[in-house]
Each structure stands twice: as C-alpha cells, then as structure tokens.
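Here's the structure, in structure tokens; my notes come after.
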Amino acid sequence: MAPSTTTREQFPVRVFGGPTALFEYGGLRFLTDPTFDAPGDYPESDGPVLTKTAPASGSPAGLGPVDVVLLSHDEHADNLDRAGRALLADIPLTLTTPGGGTRLGGKARGLADWESVELDRPGGGTVTVTGVPAIHGPGPRQETEAITGQVVGFVLAGDGLPTVYVSGDNASLDAVRETAERLGPVDTAVLFAGAPRFAGLFDGGTLVLDSAQAAEATRILGARRVVPVHYDSWTHFTEGREELQAAFLAAGLADRLDWGHPG
C-alpha cells in the first residue's frame, strides 16, 4: 500500500512516556491512555507486578483542556493509573472497550469493532472516531482476551483532515491489516510498541508490537508518519527507542519516525 498522499501540515504530538500522548485534531484535543503516577511497583490484582521506572514528562495540571480520552483499555496500570482515573472525571468523553465503558461508567463509552461516534468540531463539521480491532498478546483473540482482557484501537477521520490511527495495546499485524483494508491508508499512526513480555505469560510472547512489527505495521497502513509510544518507562517493555530506530532503518522507513514533543 502506498503512503497517504495527504500534504497538509502534520499536527504536533506531545508524548509523556509510556502510552500517553496528547494531540489536537479537527479542533478537538485527544489524550491517549493517561498514566501520570510516580515510578514504583504497581501490583495487578490477577497478574504480575508492573514496575514503572520514570515519571511522566508532564503533569495532568499542565495538559490544558482535553476533549476526549482514547483509552485502549482500563484494566492495567501501565495504561490507566490512579492519576489517569482521577483525570477522567474532568474530561467530557472517554472512548474505550465495551467492557471498559461499563466498568468506568459516567462519561465513558465503549466502542465495539467498527463502531463509530461523531464528535462535533468547534468550527463546524465532525470528527469520526471508529473503534478498530486490537489483540493484547499472541494467539487467537478469544484466548488472549481471557487472559489480558479486551483492547480497542481507534481511527480518526473527518472532512479535510488526515486519517489517524491509534493502535492501542495491539500485538496483531492481522488486526492492522484489517484496519488498513477498511479505513486506510492513514497519514499519522500512533503506534504502541515496546515488545512488553512476562516470562510466565504466553510463553514469553510479546503483548504489544515489537519494533520490527511496528515497522511492518507502518508499511501495511501506508502511514506517512509514525509516532511511537509505549516503549519506555516500564520494566516489562523489552525494546526501546534504539530498537525502534534500528528496525525502521532496516525497513527503509526511518524517515517516517516522529518521536513527538516531550510533554
């Protein structure tokens, strides 16, 4: 698939470490998977201890107004922590998984695969946000969800706007292909990467894209720009910026990488 031919100026993306990024699109401000807690150990109720190694590069107080949270899932502390949960109360809309919408309640709304919501833009018109498939680990989706839970990705589109893909905690290139076939090509992809893994889970298989898969996802999507997130600040992320840079260079896609602006 050829890269998107969109020639509009690319919008800036602020990155905060882990999966958290902020960008303005169509006059609306979107925040992905908010994680602002301090470094430390975060035990999971039915899983391993997650260890955060670095603070976020910004604070909730410094975000400014946020219109929508795009939350890949609510069940793990490296995607929604205590500070992130507190932040949701002040944000008009959180889009997440169907199960997450039920658990969070309030202003949260779950999106099933290919379900869309229309958001009014301040200057007129709408932004369409579509929920797209994501699988949080290797293997069939049904088996994976029984262990790691539901995850959702998002595609954003609107008249006169570039198409944006936010992968969420997805490890499946098949899910990326299905999204590209239905809604691609995309201009900007916010790809969750980092090759997270645990020795006792899925035989050590990756729970989210590794660096080589992130490069391949870029090719599949025809993405003109990729902003990687979810590759730093946690000990279970086994590949970081250096591995991503090497993988994109080997794939001939190094010019697509945009590391964003620290929050």
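The values are calculated or read from the model by the stated rules, or taken from the named source; none is laboratory data. Remember, predicted model here, so these are calculated numbers, not experimental data. Cβ atoms come from the backbone with ideal geometry, glycine included; neighbour counts cover every protein chain shown.
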Which listed residue is in contact (Cβ under 8 Å) with a residue 24 or more places away in the chain, within 23 Å of Gln10 (Cβ to Cβ) and surrounded by fewer than 17 Cβ atoms within 10 Å (Cβ to Cβ), from Asp159, Asp187: Asp159
Criterion (more than 28 Å from Arg85 (Cα to Cα) and in contact with a helix residue (DSSP H, G or I) (Cβ under 7 Å, 6 or more places away or on another chain)) met by exactly one of Leu161, Leu191, Leu173, Leu183: Leu173
Residue count, segment 231-263 (criterion: in contact with a strand residue (DSSP E or B) (Cβ under 8 Å, 6 or more places away or on another chain) and either over 15 Å from Ala212 (Cα atoms) or among the acidic types (Asp, Glu) (or both)): 10
Please name all residue pairs, on different chains or six or more residues apart, with Cβ atoms under 8 Å, provided the first residue is in segment 207-220 and is free of Cβ contacts under 8 Å to residues at least 40 places away in the same chain and on the phi < 0 side of the Ramachandran plot and the second residue is among the charged types (D, E, K, R) and outside any helix (DSSP H, G or I). Asp210/Glu239; Ser211/Glu239
Specify the residue that is surrounded by the most Cβ atoms within 10 Å (Cβ to Cβ); the eligible residues are those in segment 236-263 that are acidic (Asp, Glu) and under 29 Å from Gly47 (Cβ atoms). Glu239
Just wondering, is there one or more residues in segment 163-176 that are in contact with a strand residue (DSSP E or B) (Cβ under 9 Å, 6 or more places away or on another chain), without any contact (Cβ under 8 Å) to a residue 60 or more places away in the chain and among the acidic types (Asp, Glu)? yes
If you go through segment 54-71, how many residues are over 13 Å from Leu87 (Cα atoms) and surrounded by fewer than 13 Cβ atoms within 10 Å (Cβ to Cβ)? 1
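Please give the strands (runs of 3 or more DSSP E) falling wholly within segment 1-63 in which 2 or more residues are at pLDDT below 95.
40-43, 49-52
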Segment 86-132, residues that are closer than 28 Å to Asp41 by Cβ, touching a residue at least 40 places away in the same chain (Cβ under 8 Å) and of a type outside the set (S, T, N, Q): Leu87, Leu88, Ile91, Gly99, Gly100
Does Tyr231 qualify as being crowded, with 24+ Cβ neighbours inside 10 Å, among the aromatic types (Phe, Trp, Tyr) and assigned to a loop (DSSP other than H, G, I, E, B)? yes
Any idea how many residues of segment 200-233 are modelled with pLDDT under 95 and over 21 Å from Gln150 (Cα atoms)? 0
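Kindly indicate whether Val66 is touching a Leu at 6+ places or on another chain (Cβ under 7 Å) and not aromatic (Phe, Trp, Tyr).
On the way: touching a Leu at 6+ places or on another chain (Cβ under 7 Å): yes; not aromatic (Phe, Trp, Tyr): yes.
Considered against the rule, which asks whether it is touching a Leu at 6+ places or on another chain (Cβ under 7 Å) and not aromatic (Phe, Trp, Tyr), Val66 comes out as yes.
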Restricting attention to segment 196-227, the residues that are basic (Lys, Arg), assigned to a helix (DSSP H, G or I) and farther than 25 Å from Phe11 by Cα number exactly 0
Exactly one of (1) of a type in the set (D, E, K, R); (2) surrounded by fewer than 18 Cβ atoms within 10 Å (Cβ to Cβ); (3) touching a residue at least 12 places away in the same chain (Cβ under 8 Å) is unmet by Asp203. Its number? (3)
